[in-house]
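Read the figures in this text as sums done on the coordinates, not as results from a lab. Worth saying up front: this structure is predicted, and the values here are computed from it rather than measured. So basically every Cβ, Gly included, is an ideal-geometry build from the backbone, and we count neighbours across all protein chains shown.
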Amino acid sequence: MKALGRGIEFFEKFFLVVAVFTSIAISIAGVFFRYVIESSLGWVEESAGFLLLIIITVGIGVAVSRGSHLRVDMLIQFLPRTQKSLNLMASVFALGVMTVLFFLSIEFVSGLLARDQRTTSMYWLPIGIPLLIMPLGYLTAVFRIIESLSPFSKEKRERNGEKG
């Protein structure tokens, strides 16, 4: 499981670094062409949108692995003894949401690929190709949530006197 986790971490970091730097480079090129050369590039905005999608969907798994995903801590502040159970409930809920998003994104992307829908400014590119990152990103998030839940199951086994 640890080797798979390291492989996924490499995938996440690689895609995030490439997407961020490519987005910056494309945005700079777009500004240069629009304001210096006075001829805008039509594909810049659409490409930047795809890159933002990559950053968001792959970034979900990174946020989960670092424990910095979105959750409401107000109840924990008022009831500090419930922190472990509330964290467990939040993780289980997040697992459910990410699993649903994973399956919905597979359905969405496969429908786009089946219809051979194309992008507006880059007609040579089927829109489903860059959107394939959605199921991959949600799948890594599901893996990261399951990975974060393993301490809860290990703690329960230890309380019951089992070896894990």
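Summary of computed values
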{"item": "The chain: most fluctuating residue of T119, T82, T99 per GNM, C-alpha cutoff 10 Å", "result": "T82"}
{"item": "Gaussian network model of the chain, springs between alpha carbon atoms under 10 Å - residue of G61, G128, G42 with greatest fluctuation", "result": "G42"}
{"item": "Value at 222 nm in deg cm²/dmol, rounded to 500, when DSSP H runs of n ≥ 4 in the chain each add -39,500 (n - 2.57)", "result": "-25000 deg cm²/dmol"}
{"item": "In order through region 19-27: 3J(HN,Hα) via Karplus (6.51 cos²θ - 1.76 cosθ + 1.60), integer Hz, x for Gly, Pro", "result": "5, 5, 5, 5, 4, 4, 5, 5, 5"}
{"item": "Choice from I24, I127, I37 showing the highest fluctuation, given a GNM over the chain with Cα pairs closer than 10 Å", "result": "I37"}
{"item": "Rounded if a/c under 1.5, otherwise prolate or oblate - region 2-159, Cα gyration tensor axes", "result": "prolate"}
{"item": "Under-5 Å amide H pairs with R118, H placed in peptide plane, nonlocal only", "result": "I127"}
{"item": "For the chain, with +1 on Lys and Arg beta carbons and -1 on Asp and Glu, the positive-most of V100, T82, L16 along the dipole", "result": "T82"}
{"item": "Cα-centred dipole magnitude for the chain, charges only on beta-carbon of K, R (+1) and D, E (-1), debye, nearest 20", "result": "780 debye"}
{"item": "Furthest towards positive pole of dipole, L131, V62, S47, structure part region 2-159, Cβ charges", "result": "V62"}
{"item": "Value of relative contact order over the chain, rounded to a whole percent, pairs C-alpha under 8 Å and six or more apart", "result": "27 percent"}
